[in-house]
Amino acid sequence: MSKASNEALELLHATVAKVLNHQVGEEIEFQDEDTGEQRKMFTATPATISAAIKFLNDNSVTCDPAEDENLSSLADKLKKRTQEARGTLSPVGEEVH
């Protein structure tokens, strides 16, 4: 059985990062029924978030995120999502003080 080339593995890795980045960062806008305010909500499932975290962990992401746009964006979106879930970030993306 032949092994995949490094180029093929790098392409697969980049594709997985792009897909997870998109899924984690996807938002929908809706009008709050109680307040009438326009709000945003992430659509990623907990399973998708877990997959993204596992992907980063399995790949020992220790590089400078500034060097990789996809990883940087994914890390930022995961951080924002975590802050929102903990109540330190409002649903529209503003920090709570």
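The table below lists the values:
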{"item": "Any chance Lys40 is farther than 11 Å from Leu20 by Cβ and surrounded by 12 or more Cβ atoms within 10 Å (Cβ to Cβ)", "result": "yes"}
{"item": "Some residue of region 5-14 being of a type in the set (S, T, N, Q) and either under 15 Å from the mean Cα position of the chain (by Cα) or surrounded by 12 or more Cβ atoms within 10 Å (Cβ to Cβ) (or both)", "result": "no"}
{"item": "Residue list for region 43-53, filter: within 12 Å of Thr82 (Cα to Cα) and surrounded by 10 or more Cβ atoms within 10 Å (Cβ to Cβ)", "result": "Ile49, Ser50, Ile53"}
{"item": "Condition met for Glu27 (acidic (Asp, Glu) and either under 17 Å from the mean Cα position of the chain (by Cα) or closer than 18 Å to Lys79 by Cα (or both))", "result": "yes"}
{"item": "Those residues of region 54-81 which are exposed (fewer than 11 other Cβ atoms within 10 Å of the Cβ), in a helix (DSSP H, G or I) and polar (S, T, N, Q), in sequence order", "result": "Asn57"}
{"item": "Any hit, region 59-73, residues being closer than 25 Å to Glu10 by Cβ and modelled with pLDDT of 85 or more", "result": "no"}
{"item": "Looking only at region 15-37, and only at residues there that are of a type in the set (Val, Ile, Thr) and outside any strand (DSSP E or B), the one that is surrounded by the fewest Cβ atoms within 10 Å (Cβ to Cβ)", "result": "Thr35"}
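The values are calculated or read from the model by the stated rules, or taken from the named source; none is laboratory data. From a predicted model like this one, the values you see are computed outputs, not experimental measurements. Neighbour counts are summed over all protein chains in view; Cβ atoms, including those assigned to glycine, are modelled from backbone coordinates with ideal geometry.
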